[in-house]
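So the structure is just underneath, and the comments pick up after that.
The values are calculated or read from the model by the stated rules, or taken from the named source; none is laboratory data. Keep in mind it's a predicted model, so treat the numbers as computed, not measured. In this analysis, Cβ positions are derived from the backbone assuming ideal geometry, glycine residues included, and neighbour counts consider all displayed protein chains.
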Amino acid sequence: MVPLSWYLVFAFMLIGLGAYGMMVKRNLIRILIGAEIMGNGVNIALVAFSLYSPVFTFTGQGLIILVISVAAAHTALALVLMLMYNRRYDTVDLGTPIEEEVV
Amino acid sequence: MRLFLDFIPVIVWALLAVVLVIVMLLASWVLRPHVLQNSEKTSTYECGEEPIGPARISYPYNYFIYAVLFVVVDVMGAFMWLLSSSTLLWDDGVTKYTLVWEVILFIAIIMGAIMFVLKSLPDAVLDGKETLEQYRKAKAEREKEQSISGRH
Amino acid sequence: MLQEFEALFEQVEFLLIAGIVLVLAYLALEHKEIVYAAFFFGFMASFVAGFFLLLEAPFIAGMQIAVYTGGISALIIFAVLLLPRAQDSSLEEFATGRKRRVSLMISGLVVALSATLALVFPWAESFDEEIVVDLAQDLGALAQWLWVDNGIYVQMIALIMITALIGAIALLKMDKAEQMISLRGESGIGAEVESGESDPEPEPGAESEPEETSVVEESEEADG
């Protein structure tokens, strides 16, 4: 069978990719996409643990249902905040306001 | 392995969908007349006038709230789907009576919020008249800028 | 013999889907056009649902496609379409090399630490045995876990959903108030009613016409 370490390594690679994307990118939408990729990686790790644990309960799967719905709510709010940011500064690039302060 | 054997029809459908899209695009590419494109042919059409500047002035943010509403109803639907695809509400025993009350409370909370949003939606977005004001103001500002830059 | 074929098949399946998900995630972050990146994210969410099927959680796979691909990915594409500045890919300046190295080190550190926590410690010995799950009544047991044993969390999810909805409406209301201030001036409604003349016939073209329209609108709002 597929050993659990494979699933975990893959989940950690997704988390690392999401973290790297959140730190390097300057566009706000790409940062949000990085956060969602990290969320997906965490979900995969949760379900993998739920399947391979010695006593099979539905804790992992039930938890994931709650996590997915909370992620949906917070993504909606984050996008509304981005719309407000765009109305105020007329850009979605993160670099510009800091440069204005320096100047 | 059993789950994979159950989902083979889904894979066949997915491949069919991809093949269908590619066939349609290929067919339109084959049947198109291939002529050269120049910049006048590919520019945007604006009822015969020359397009000045970008096409968006006031951002229609009021349509975004409907997408947020859809996501909330989608999550609610997922929970209902889980409950209705089990046999919990038809089993013998006491759980189904408490379950009905829980479902009613869940739906009532979300429906209350949806009704509140729909009632206060006219306060949160621009009217037709206000959008017209904003458009006229933006157009006047742009014409002022153009006249200033035209003088220099 | 059939057992070996099954094991090999599952490993090939895992590697295939994992490769596709990683390629799509990389494309979702790195592609120049934002609309393409948002669409690749939706695509990746569907393949992660395939991953959940591998892990024998069919309801989670369905919920992932319904909520992530159908909801969150559509929200992101909607927001990208509403923000014209985001689509101008020439505005996106790329991070400096030093920032890239530092973030690579930090994310590598995060991955290494979590890998150590999960794989090196003594509980890694029990990881390679698998439990065969009876899939016959799975959704019934899952519904039992969610609605009966832990029914309070479902109501908490309802509260979180209404938080998102009411928060979005409140933010849009605040934003509209700011816009009204920028359209009508800082003094607000009172100054317009005193200084303007009420002319109920709308005339197109003149620049003072917006103030007359707003005076008509304010008197209508005061009546109704």
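Residues that are facing another protein chain (nearest Cβ under 9 Å) and of a type in the set (D, E) within the range B:92-121 comprise just one, B:E102. Among the residues of the range A:14-53, count how many are touching a Ser or Thr at 6+ places or on another chain (Cβ under 7 Å), over 20 Å from A:I68 (Cβ atoms) and not hydrophobic (A, V, I, L, M, F, W, C). Here the count works out to 2. Of the residues that make up the range B:57-67, is at least one exposed (fewer than 10 other Cβ atoms within 10 Å of the Cβ), farther than 30 Å from C:F9 by Cβ and either at pLDDT below 90 or more than 7 Å from chain C (Cβ to nearest Cβ) (or both)? No, there is no match, as no residue in the range B:57-67 is exposed (fewer than 10 other Cβ atoms within 10 Å of the Cβ), farther than 30 Å from C:F9 by Cβ and either at pLDDT below 90 or more than 7 Å from chain C (Cβ to nearest Cβ) (or both).
Restricting the range C:17-58 to residues that are at the interface with chain A (Cβ under 7 Å from one of its Cβ atoms), within 30 Å of B:S84 (Cα to Cα) and in contact with a Leu (Cβ under 7 Å, 6 or more places away or on another chain) leaves a set whose member that is surrounded by the most Cβ atoms within 10 Å (Cβ to Cβ) is C:L55.
Report yes if A:V2 is surrounded by fewer than 22 Cβ atoms within 10 Å (Cβ to Cβ), closer than 21 Å to C:L119 by Cα and more than 7 Å from every other protein chain (Cβ to nearest Cβ), otherwise no.
On the way: surrounded by fewer than 22 Cβ atoms within 10 Å (Cβ to Cβ): yes; closer than 21 Å to C:L119 by Cα: yes; more than 7 Å from every other protein chain (Cβ to nearest Cβ): no.
It is false that A:V2 is surrounded by fewer than 22 Cβ atoms within 10 Å (Cβ to Cβ), closer than 21 Å to C:L119 by Cα and more than 7 Å from every other protein chain (Cβ to nearest Cβ).
Among the residues making up the range B:82-97, those that are assigned to a helix (DSSP H, G or I) and closer than 22 Å to A:L63 by Cα are B:L82, B:L83, B:S84, B:T95. Of the residues C:L81, C:L135, the single one that is modelled with pLDDT under 70 and more than 9 Å from chain A (Cβ to nearest Cβ) is C:L135. Residues in the range B:118-152 that are surrounded by fewer than 10 Cβ atoms within 10 Å (Cβ to Cβ) and assigned to a helix (DSSP H, G or I): B:G128, B:S147, B:I148, B:S149, B:G150, B:R151.
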